[in-house]
Amino acid sequence: MSEIAKRLERAEKYLQKGKLTSALEEFREVIREDPSNDSARQRAADLCLSLDLSSEACCYLGDIFDHAVALGRSPEAINTYKKLARLTSPGIERTFKYAQLIERSSPREALDSLKSVFQAYITNGDRAQAMQTIKRIVSLEPCSENLKREADLAVAMGDNRSAALSFLQLGRMEEDSGRDGAAMFERAYSLDPENPTAGLSHARCLLRDSRAEQAVEVLQTVKLDTTEYLELFANALLLANQPENAEPVITRYYKQSPGAMPLIGEVLNSYIYNGKTVEAIHFAREIEPEISKRGDMRDFLGLVNDLVQRQNPGVEFLEYLAQLFNTANREHEYCDTLLKLFELHFANRNYMKAAECLDRASEVDAYEPGHEERLELLRGKIDSNRFNSIANRITTVTRTTTAEATEDDIEVEPEPEKPQEPTILEDLMLQAEIFLQYSMRSKAVERLERINKLFPREEEKHEKLLSLFNAAGFTPKYEDASQAQQATSTAVNNENAVDNFARVTEITRNIARQSSIKSVLFTTVNDVGRHWNVSRCVAGLSAPGKPPSAAMEYCASGVPKSDVMGLARLISTLQTQAVAAGGPVSFEKAQTAPELSSIRQVLIAQKIESLIAVPMKDGDEHIGIVILEQCGNARIFRKVDQIVLNTISEQIVIAVNNARLRSLVKSLAPTDEKSGLLRRSSYLDVLLSEVQRSLQTKSPVTVVLMNFGSASALVKEVGEPTVEFAMQEVGHVVTANIRQSDLAVRYGLTTIALILSDTTDKNAFFVIDKLRKKTATMRVPGKNDPVTLTAGIAELVMQSKFEAVDIVTEAINRVESALEIARHEGGNSAHALAPMFEANAVSA
């Protein structure tokens, strides 16, 4: 028998005889000879407790705990620690190990233990162990308080990278809780500028606070090539008005994701807005091959077409667009672009170019309204042979149309007399009007100066000329200055003081037509700014006390654009003033007004002398503001200005809500990916939405059902998959050739429904004619006959006394009846059916 075994046997005999001290001594000897014998150590600890030897018992229990932890005997270690804790403080290290053992079974007790350990380490100055402890605490309870402790400790230890990670997590936690995490992200970036996540998060917050220039500086230090980074960097550069630097970033982004397409439009929009037409064309031509390679040309064409509708680009860009639309066989857009070019060339007195544009436009669509009037403008200004050549094409179409219309009549109406050739005054006025329309004020002023020289005081008896003088900000100069001032004053009163309600009505109508929030704001600032002849006009959407979510600015000729940060502060401060005042606020001497003392430096920097701010209110909620600024000289905005601007503000709110609703309906409506058409299930929803919008704006809506052949006959002849494939191709053609505000729905296997906003049933015939030309060359696979387009048309009865549901139901029934009538009339026909209480239907 070994010596240890003999000692254990003697210890047992001593215990049986009640000799506890002797037994303890034997166990002590066993432990000295075999330090790993935890069984003897446990017996010794129990005897020590019986003999009131607590300190020795604690030593034995501590050793047992340490051995159990080392050997992975967790239950034994946990029980031993609890015994030890009842006798004395187990110590920092053992408490930390115990907390690790119970993290899963008792997380709350583990957390309390770790917190006490953390405080002990901090008190002892052991930062390394404190960091290890706080990391365990954060893993159990990742609250902001614990993360802040971890971050502060890492900063104190000089571990900036770890601190940055903690502040990043803090920032995310703040944002998840609905609070602002910008300060945390900024701290994370300042500690570790090389951390790309910290850079992205900080830049995103800067951009959200309209600090685009600073966001650009941050993003320039981030070394990433992800879509998230490229999108954020591109937006920052655009908001900082750096489209040249945004070009390569957007090109890289587009190569990775088609989501960059809207940003391509933003670059082009920025160039055109700032008059950099050459740069816009250069960028478009550079990105064009990549767009074509990805098969996104149709989206690009829609984008630039929308851009042209919102802005008025110069001749060079329109020439590029004409070439682009012509190459892509987009006849409708091609013709529209040519007509815009005609106007600009005519205004520039380049009559040969204007004639060429009219000739090409009439070749594409000789039925386009206004061709005869345009031709008359060229009479006597171009070679007679060229004039007659264009006239033959246009008048031939006109005579053919007249003959068809009067075929069954007994008496034929005599041809109307040709209008007289425009006078020099009318010619110059027309040119000035075109230049103003395309935001070319300097050229418009040149024409008006010539009018003033050739026809002095003509504005006193010519109301339209007076309006042109005022719209261009041109003041005629005469020896009798007082009389001239009186004429100018009359112009201001008639136009800028908004006695000219026809013009104001036109502004509100133009705003209501816009289909996106950006175009609503863009139209507002341009129309209002020009009408009131102010230095700047700003429209911004923002909640009180927060930076604007969207803003647009109009600047008169020679007036620089506002600084982005200054503009954000101006909007925020004036909105606060308007909210407090409960309506518009006006300042004749803005720079010295005590209410605007917080932004006095902004007013001085932007040279704003007078201003008026009108809030946009959706019910009781303030959603934005419209600001008119006068620079260089003081101006008094009258009460009538406030009244009419309030009216325009109400229209802006309606238009913004409608744009949001239309965007929401489009995004929620299920779309057939293969054809690009909305599915039948969304037909009623989008139609109801469009009716509700149009009832507010008092604009017409027309619904069209287009049938491309008998579904049953085609399925029987070539099979349903073939018909489905053909209709997918037709769907692509239809969606590519309608406006952004129009909606196309897959109504049936061979039927497509169109919902045309701001369109009457008569104008719907032009849409059908265009689509018929586009689909004329298409064939159903397996058939030689071209696709036929038969259409039923119904203009909705837009009267507020009717419910939207009733309007939609009546129109749906009527358009289906119109389609049936058109089918009976034969293929490629269209029929418009009027409401029962109106005149008879019109056929075509």
One residue from Leu324, Leu338, Leu307, Leu301 being open to solvent by 10 Å² or more (accessible area, probe 1.4 Å), among the aliphatic types (A, V, I, L, M), part of a helix (DSSP H, G or I) and closer than 22 Å to Val733 by Cα:
Leu324
Going residue by residue through the stretch 249-260, is there one that turns out to be over 22 Å from Asn305 (Cα atoms), among the aliphatic types (A, V, I, L, M) and either touching a residue at least 40 places away in the same chain (Cβ under 8 Å) or assigned to a helix (DSSP H, G or I) (or both)?
yes
Would you mention how many residues in the stretch 347-365 are open to solvent by less than 20 Å² (accessible area, probe 1.4 Å), closer than 22 Å to Lys762 by Cα and either of a type in the set (A, V, I, L, M, F, W, C) or not in a helix (DSSP H, G or I) (or both)?
2
Selection within the stretch 553-581 - under 14 Å from Ala605 (Cβ atoms) and of a type in the set (A, V, I, L, M, F, W, C):
Val559, Val564, Met565, Leu567, Ala568, Leu570
Residues of the stretch 721-759 being over 20 Å from Gln309 (Cα atoms), open to solvent by 30 Å² or more (accessible area, probe 1.4 Å) and of a type in the set (Val, Ile, Thr), in sequence order, are Thr722, Val733
Within the stretch 547-561, count every residue that is in contact with a Leu (Cβ under 7 Å, 6 or more places away or on another chain) and open to solvent by 50 Å² or more (accessible area, probe 1.4 Å).
1
One residue from Ala240, Ala284, Ala234 being crowded, with 18+ Cβ neighbours inside 10 Å, small (Gly, Ala, Ser) and farther than 21 Å from Ala550 by Cβ
Ala284
Any idea which of Met798, Met706 is assigned to a loop (DSSP other than H, G, I, E, B) and either of a type in the set (A, V, I, L, M) or at positive phi (or both)?
Met798
In the stretch 822-844, the residues that are modelled with pLDDT of 75 or more and part of a loop (DSSP other than H, G, I, E, B)
Gly826, Asn828, Ser829, Leu833, Ala834, Pro835
Exactly one of Val216, Val222 is among the hydrophobic types (A, V, I, L, M, F, W, C) and in a loop (DSSP other than H, G, I, E, B), and that residue is Val222
Quick one: Val564 ticks every box in (1) within 21 Å of Ala236 (Cα to Cα); (2) open to solvent by less than 20 Å² (accessible area, probe 1.4 Å); (3) in contact with an Asp or Glu (Cβ under 8 Å, 6 or more places away or on another chain) except a single one, so which number is it?
(2)
Being within 33 Å of the chain's Cα centre (by Cα) and surrounded by 22 or more Cβ atoms within 10 Å (Cβ to Cβ): is that true of Ala791 here?
no
Subset of the stretch 549-584, residues closer than 14 Å to Gly624 by Cα and either of a type in the set (Val, Ile, Thr) or in contact with a helix residue (DSSP H, G or I) (Cβ under 7 Å, 6 or more places away or on another chain) (or both), comes to Ala550, Ala551, Met552, Glu553, Arg569, Leu570, Ile571, Thr573, Thr576, Gln577, Val579, Pro584
Give the stretch 225-248 a look and list any residue that's acidic (Asp, Glu), more than 23 Å from Glu279 (Cα to Cα) and not in a loop (DSSP other than H, G, I, E, B), or say none.
Glu228
Exactly one of these conditions fails for Arg513: (1) open to solvent by less than 20 Å² (accessible area, probe 1.4 Å); (2) at pLDDT below 90. Give me its number.
(1)
Residue list for the stretch 685-709, restricted to those being open to solvent by less than 30 Å² (accessible area, probe 1.4 Å) and farther than 12 Å from Asn658 by Cβ:
Val686, Leu687, Val701, Thr702, Val703, Val704, Leu705, Met706, Asn707, Phe708, Gly709
Mind checking which helices (runs of 4 or more DSSP H) fall wholly inside the stretch 8-115 and carry at least 2 residues that are open to solvent by less than 40 Å² (accessible area, probe 1.4 Å), under 30 Å from Ala128 (Cα atoms) and of a type outside the set (S, T, N, Q)?
54-70, 74-87, 92-101
Restricting the search to the stretch 524-540, which residues are touching a Cys at 6+ places or on another chain (Cβ under 8 Å) and either of a type in the set (Val, Ile, Thr) or closer than 12 Å to Ser649 by Cβ (or both)?
Thr524, Val525, Val528
Would you mind finding the one in Ser139, Ser105, Ser89 that is within 22 Å of Ser166 (Cβ to Cβ) and among the polar types (S, T, N, Q)?
Ser139
Hey, among the residues in the stretch 577-603 that are touching a residue at least 24 places away in the same chain (Cβ under 8 Å) and more than 19 Å from Arg635 (Cβ to Cβ), which one's most open to solvent (accessible area, probe 1.4 Å)?
Ser598
Could you list all residues from the stretch 367-386 that are closer than 15 Å to His345 by Cβ and in contact (Cβ under 8 Å) with a residue 24 or more places away in the chain?
Arg374, Leu377, Leu378, Lys381, Ile382, Arg386
Residue satisfying condition, being within 19 Å of Lys546 (Cβ to Cβ), crowded, with 16+ Cβ neighbours inside 10 Å and of a type in the set (Lys, Arg), within set Arg208, Arg204:
Arg204
Is there a residue in the stretch 830-843 that is among the polar types (S, T, N, Q) and more than 30 Å from Val364 (Cα to Cα)?
yes
Would you be able to tell me the number of residues in the stretch 150-186 that are in a helix (DSSP H, G or I), surrounded by fewer than 21 Cβ atoms within 10 Å (Cβ to Cβ) and either at positive phi or not β-branched (Val, Ile, Thr) (or both)?
14
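The values are calculated or read from the model by the stated rules, or taken from the named source; none is laboratory data. Here the structure is a predicted model, which means the values were calculated and not measured. Cβ: placed from backbone, ideal geometry, glycine included. Neighbour counts: every protein chain shown. For the accessible areas, the whole protein counts, side chains as well, though only heavy atoms, and no ligand, DNA or RNA atoms are used. Shrake-Rupley method; radii C 1.70, N 1.55, O 1.52, S 1.80 Å.
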